[in-house]
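Encoded as structure tokens, the structure appears first; notes follow it.
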């Protein structure tokens, strides 16, 4: 009997336990199903990309000239966003519903579970309103990012054609890049150094795994943050540019009221000290998101502010090119330093009369004086003795007819005519072209085309006595964490011309500044060697050139100044050069002088 009582007790206990379990299961699965499902739905894990800060850019003296500033960006996860809230989001962000729909659609094509950036650089008022309403905007939140800060006002310069700008990567570019290297909303360098050195500047993305609730609010790091990846900021760029010299060059060119370019180089290394193209633009306007109106104004502007005149123009260099002919003649033994040509002011070739010095002439001149006074007649005659093929060959030695290799994109190739070039363009010699074409080439006119960058390299090579250095704007880059610097290497080559022949030409350039057409560039205590040039322009005023190097014995700076539609180089570009050299050597120029005034004495080309 006792056994029966014990067995019954066990059965009753089992029934009670099973009943309790079934009851609890019924409660959880049936009664609380809706509530528990809602709680589960309120929490999810989101992978949030962390964009690195782009590398900071420094000038040659360690001055920060491009930095970053923190901004807030509104973003949206397409898979979590309630489309019925589109009007509210549109009103809060000040964006059209169609624009937001397009961004959502683009995001869904890439990854509907990944955040899509809707609007960058939120102001405080918009940020506050978004935060107040985030409870009804599932999938919408904001993140902190970095926006480029360019030096408008810093040292008084823009330098926009040096730095370029960054903007959101386009679909076309994204499709060409390796898979997963960039996301649709990433910023990428689009021009200038930002584009050329994108791999060094961009850094590596990081990621956070976070738990978020149904309001899109981050509750905590998922797993305590153990799986997070820290973003690695980009490398810093160390430039050759002198920010103060760049600012002075910009102010000098702006004061003319003309378009043009200035390039300053170190003749001993190829380091670019300043590179100016005017008109230009405020690079901050093009940093990050670019509105269609702003971009349209820049693209359609008749002044072409996006056009880099320092590396993309191809104007005839005029009389600045005469030293190439002189060196060819001297090196080949066609002339000696004592060879005399007569200049009456007129040079007849065929049935044409080519003028020199407005028909007044220079009398008997040797090569040194021909450079000093820019005698056209001397170089007309020398060209015919040198011959077309030799003239072209020596021009190529100085880099004409090719790109300089400057480390910014979109450089144009110079135009250096040759027999083959003329045959292709005009037809065979005597049928399509004649030796009369060579007369114009002898003084840097006709089919020739060069940029201020190419002319600065040419001046630098003359200054150092025959070594052509590849021009460059970047010395190297520095790791943000280790501070280890990597120096970049650039090409250099010796030009096979005897030093004594370079000395003859250099002396003629010295006399050009001392008592010739380049007097406005002279310095009281520094010997400057230079050459003026005027490029004929069939569409208006001539273009004014001046190239130089200084000091004479061991130059530390070579310059090219080109001002469009400004007239004679001796009256416009040489004075600008003189003021820039004054600042470079003496730090006396304040940027307030008038630089477009004519030189004190009458000069000609």
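The values are calculated or read from the model by the stated rules, or taken from the named source; none is laboratory data. These numbers were taken from a predicted model, which means no experiment stands behind them. Cβ sites come from the backbone with ideal geometry, for glycine too, and all protein chains shown count toward neighbours.
Quick one: would you say residue 254 is at pLDDT below 95 and either in a helix (DSSP H, G or I) or buried (at least 19 other Cβ atoms within 10 Å of the Cβ) (or both)?
yes
Can you spot a residue in region 257-279 that is in the same structural domain as residue 414 (by TED's automatic domain parsing), crowded, with 19+ Cβ neighbours inside 10 Å, touching a strand residue (DSSP E or B) at 6+ places or on another chain (Cβ under 9 Å) and in a helix (DSSP H, G or I)?
Looking for residues that are in the same structural domain as residue 414 (by TED's automatic domain parsing), crowded, with 19+ Cβ neighbours inside 10 Å, touching a strand residue (DSSP E or B) at 6+ places or on another chain (Cβ under 9 Å) and in a helix (DSSP H, G or I), one finds none in region 257-279, hence no.
Please state which one of 401, 436, 427, 405 is in the same structural domain as residue 472 (by TED's automatic domain parsing), surrounded by fewer than 17 Cβ atoms within 10 Å (Cβ to Cβ) and without any contact (Cβ under 8 Å) to a residue 40 or more places away in the chain.
427
Looking only at region 444-474, count every residue that is in contact with a strand residue (DSSP E or B) (Cβ under 9 Å, 6 or more places away or on another chain) and more than 30 Å from residue 60 (Cβ to Cβ) and tell me the total.
Qualifying residue count, region 444-474: 5.
What strands (runs of 3 or more DSSP E) lie completely within region 330-378 and have 3 or more residues being in contact with a strand residue (DSSP E or B) (Cβ under 9 Å, 6 or more places away or on another chain) and within 20 Å of residue 502 (Cα to Cα)?
Because the criterion is at least 3 residues that are in contact with a strand residue (DSSP E or B) (Cβ under 9 Å, 6 or more places away or on another chain) and within 20 Å of residue 502 (Cα to Cα), no strands (runs of 3 or more DSSP E) in region 330-378 meet it.
For region 132-146, how many residues are crowded, with 16+ Cβ neighbours inside 10 Å and either assigned to a loop (DSSP other than H, G, I, E, B) or touching a helix residue (DSSP H, G or I) at 6+ places or on another chain (Cβ under 9 Å) (or both)?
Going through region 132-146 one residue at a time, the tally reaches 6.
So for region 409-421 (the condition being touching a strand residue (DSSP E or B) at 6+ places or on another chain (Cβ under 7 Å), within 24 Å of residue 239 (Cα to Cα) and not assigned by TED's automatic domain parsing to the domain that holds residue 194), does at least one residue qualify?
No.
Return yes when residue 117 is modelled with pLDDT of 90 or more, farther than 30 Å from residue 249 by Cβ and touching a helix residue (DSSP H, G or I) at 6+ places or on another chain (Cβ under 8 Å) and no when it is not.
The answer is no for residue 117.
Could you tell me how many of the residues in region 156-213 are at positive phi, without any contact (Cβ under 8 Å) to a residue 12 or more places away in the chain and touching a strand residue (DSSP E or B) at 6+ places or on another chain (Cβ under 7 Å)?
Adding up the residues that qualify gives 0.
Being surrounded by 13 or more Cβ atoms within 10 Å (Cβ to Cβ), more than 30 Å from residue 162 (Cβ to Cβ) and free of Cβ contacts under 8 Å to residues at least 60 places away in the same chain: is that true of residue 82 here?
The answer is yes for residue 82.
Taking region 486-515 only, how many residues are buried (at least 23 other Cβ atoms within 10 Å of the Cβ) and farther than 30 Å from residue 407 by Cα?
Adding up the residues that qualify gives 4.
If you scan region 101-140, which residues turn out to be without any contact (Cβ under 8 Å) to a residue 24 or more places away in the chain and within 19 Å of residue 79 (Cα to Cα)?
Once the filter is applied, which keeps residues that are without any contact (Cβ under 8 Å) to a residue 24 or more places away in the chain and within 19 Å of residue 79 (Cα to Cα), region 101-140 yields 101, 102, 105, 109, 111.
Restricting to region 90-125, name every residue that is over 24 Å from residue 50 (Cβ atoms) and surrounded by fewer than 15 Cβ atoms within 10 Å (Cβ to Cβ).
91, 94, 96, 97, 98, 99, 101, 102, 105, 125
Let me spell it out: the conditions are (1) free of Cβ contacts under 8 Å to residues at least 40 places away in the same chain; (2) part of a loop (DSSP other than H, G, I, E, B), and residue 410 meets all of them except one. Which number is the exception?
(1)
Return the pairs, sorted by first residue and then second, in which the second residue is buried (at least 24 other Cβ atoms within 10 Å of the Cβ) and in a strand (DSSP E or B), the first residue lies in region 535-555 and is outside the structural domain of residue 510 (by TED's automatic domain parsing), the beta carbons are less than 8 Å apart, and the residues are 6+ apart or on different chains.
none
Return only the number of the condition from (1) within 24 Å of residue 408 (Cβ to Cβ); (2) modelled with pLDDT under 95; (3) surrounded by 15 or more Cβ atoms within 10 Å (Cβ to Cβ) that residue 312 does not satisfy.
Single failed check for residue 312: (2).
Determine which member of the set 475, 523, 489, 483 is in a loop (DSSP other than H, G, I, E, B), closer than 30 Å to residue 231 by Cα, at pLDDT 95 or above and outside the structural domain of residue 193 (by TED's automatic domain parsing).
489
Is it the case that some residue within region 442-451 is assigned by TED's automatic domain parsing to the domain that holds residue 347, farther than 17 Å from residue 559 by Cβ, part of a helix (DSSP H, G or I) and under 34 Å from the mean Cα position of the chain (by Cα)?
Scanning region 442-451, I find at least one residue that is assigned by TED's automatic domain parsing to the domain that holds residue 347, farther than 17 Å from residue 559 by Cβ, part of a helix (DSSP H, G or I) and under 34 Å from the mean Cα position of the chain (by Cα), so the answer is yes.
Could you check how many residues of region 570-579 are touching a strand residue (DSSP E or B) at 6+ places or on another chain (Cβ under 6 Å) and under 24 Å from residue 525 (Cβ atoms)?
Count: 5.
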